[in-house]
Amino acid sequence: MKNKGDDMREIVIIGGGIAGMSAGIYASVKGGSLTQSHEIENYPGFVDAIPCTQLTDAMENQALRLGAEFANETVEKISGEEGSYTLHTKSKKEIKAKTVIIATGTRPRPLNAKGMKEFFGKGISACAVCDGFFYKNKSVAIIGGGNTALYEALYLSKICKKVYILNRRDKLTAEAITQEKVSKLENVEVILNTELQEAKGTRFLEKITVVNNKTNSTSEIEIDGLFVAIGVLPNTEFLKDFIELNKWGFVKTQGVSTATNKKGIFVAGDITANMFQQVVISAGTGASAGLEAEHYLHSLKE
């Protein structure tokens, strides 16, 4: 809650995904008050895959029940020092807090190939769960070879007539169990050592030109949809002059803690410099950040 007599918040959480919600729940349980400004296969306790929104909605309701408050704001800058931070928002508001938990997540890494911008939203997407239903009984391609790409292939294989997986490496990098599932699908074809050269069409995407990076030979594949799954970029641009980031823009933490190099600033979820980006890990780091922030608040009162 707010401190009596001023607008200072004890805890502010930036981000409303799994990590942010988890932090909100644990911070609220411990007695703090906070403000938050946002198809899962492997979350413990769920036998079947569940939509990400279903899980976050449930966590939001839980956080609200425990006393959390939510604000629809975009934070553009953080300033201040230990015990007194100010969040500057896009709407020109200033939110003051003793401690801040940052859980702004990541976004899909863009692919720079001819036609990508022209046909994005017109046959090109970065989210199979969001847009896959548009391609029922049609042919699509997925660019990537990691877990995200193969999860999308598993999902699209149930909807589409044909699914191509195009990977620039000579082997896939997804978990072995996921590769095994994909290998058993008759309508999924994996094409290795292959990179996108151009996306083509008239009003909408109709085909792609690909190049084999071993032989330099090119070929065309007629598809109705193209899904890009080549990794993510952290949403940390607004932090680059405030806390320590690694060369890829992920936030550096202090050992196994969620603390950053600024006292009272904690981080959770996929923006941490962690080699594993899984939903359950995001929830765990969110819980840790919430508990660490509460412990930090107690230290200020001592």
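Any residue at all in segment 177-200 that is over 16 Å from ILE230 (Cβ atoms), in a helix (DSSP H, G or I) and of a type in the set (Ser, Thr, Tyr)? Within segment 177-200 (the criterion being over 16 Å from ILE230 (Cβ atoms), in a helix (DSSP H, G or I) and of a type in the set (Ser, Thr, Tyr)), the answer is yes, since at least one residue qualifies. Determine if segment 256-269 includes at least one residue that is modelled with pLDDT under 95, under 30 Å from LYS117 (Cβ atoms) and in a helix (DSSP H, G or I). There is at least one residue in segment 256-269 that is modelled with pLDDT under 95, under 30 Å from LYS117 (Cβ atoms) and in a helix (DSSP H, G or I). Here PHE238 meets each of (1) aromatic (Phe, Trp, Tyr); (2) surrounded by fewer than 17 Cβ atoms within 10 Å (Cβ to Cβ); (3) not assigned by the TED database to the domain that holds LYS162 with one exception, condition (2). Among the residues of this structure, ILE11 counts as one that is touching a helix residue (DSSP H, G or I) at 6+ places or on another chain (Cβ under 8 Å) and either assigned by the TED database to the domain that holds HIS295 or at pLDDT 80 or above (or both). Kindly indicate whether any position in segment 274-286 is more than 15 Å from the chain's Cα centre (by Cα) and among the aromatic types (Phe, Trp, Tyr). Scanning segment 274-286 turns up no residue that is more than 15 Å from the chain's Cα centre (by Cα) and among the aromatic types (Phe, Trp, Tyr). Can you find, within segment 258-302, the residue that is farthest from ILE243 (Cα to Cα) among those that are loosely packed, with under 15 Cβ neighbours inside 10 Å and polar (S, T, N, Q)? Restricting to residues being loosely packed, with under 15 Cβ neighbours inside 10 Å and polar (S, T, N, Q), the top hit is SER299.
If you go through segment 209-239 and keep only what is of a type in the set (A, V, I, L, M) and closer than 24 Å to ARG107 by Cα, you end up with LEU226, VAL228, ALA229, ILE230, VAL232, LEU233, LEU239. One residue stands out among those in segment 48-59 that are at pLDDT below 75 and part of a helix (DSSP H, G or I): the one that is nearest to the chain's Cα centre (by Cα), which is CYS52. Segment 77-169 holds no helices (runs of 4 or more DSSP H) entirely within its bounds that carry 3 or more residues that are closer than 30 Å to SER299 by Cα.
Do we have GLY83 as touching a Leu at 6+ places or on another chain (Cβ under 7 Å) and surrounded by fewer than 17 Cβ atoms within 10 Å (Cβ to Cβ) here? Taking the combined requirement at face value, the residue satisfies it.
Condition (residue is buried (at least 17 other Cβ atoms within 10 Å of the Cβ), modelled with pLDDT of 95 or more and in contact with a helix residue (DSSP H, G or I) (Cβ under 7 Å, 6 or more places away or on another chain)) applied to segment 87-98: is it met by at least one residue? Among the residues of segment 87-98, at least one is buried (at least 17 other Cβ atoms within 10 Å of the Cβ), modelled with pLDDT of 95 or more and in contact with a helix residue (DSSP H, G or I) (Cβ under 7 Å, 6 or more places away or on another chain), which makes the answer yes. Can you work out which of the residues in segment 158-214 that are among the small types (Gly, Ala, Ser) and surrounded by 14 or more Cβ atoms within 10 Å (Cβ to Cβ) is nearest to the chain's Cα centre (by Cα)? Once the filter is applied, the top-ranked residue is ALA174. Within segment 247-302, the set of residues being among the aromatic types (Phe, Trp, Tyr) and in contact with a Ser or Thr (Cβ under 9 Å, 6 or more places away or on another chain) comprises PHE250, PHE266, TYR296.
The values are calculated or read from the model by the stated rules, or taken from the named source; none is laboratory data. Computed from a prediction, not measured in an experiment: that's the story for all the values here. Neighbour counts run over all protein chains shown; Cβ positions are idealised from the backbone, glycine included.
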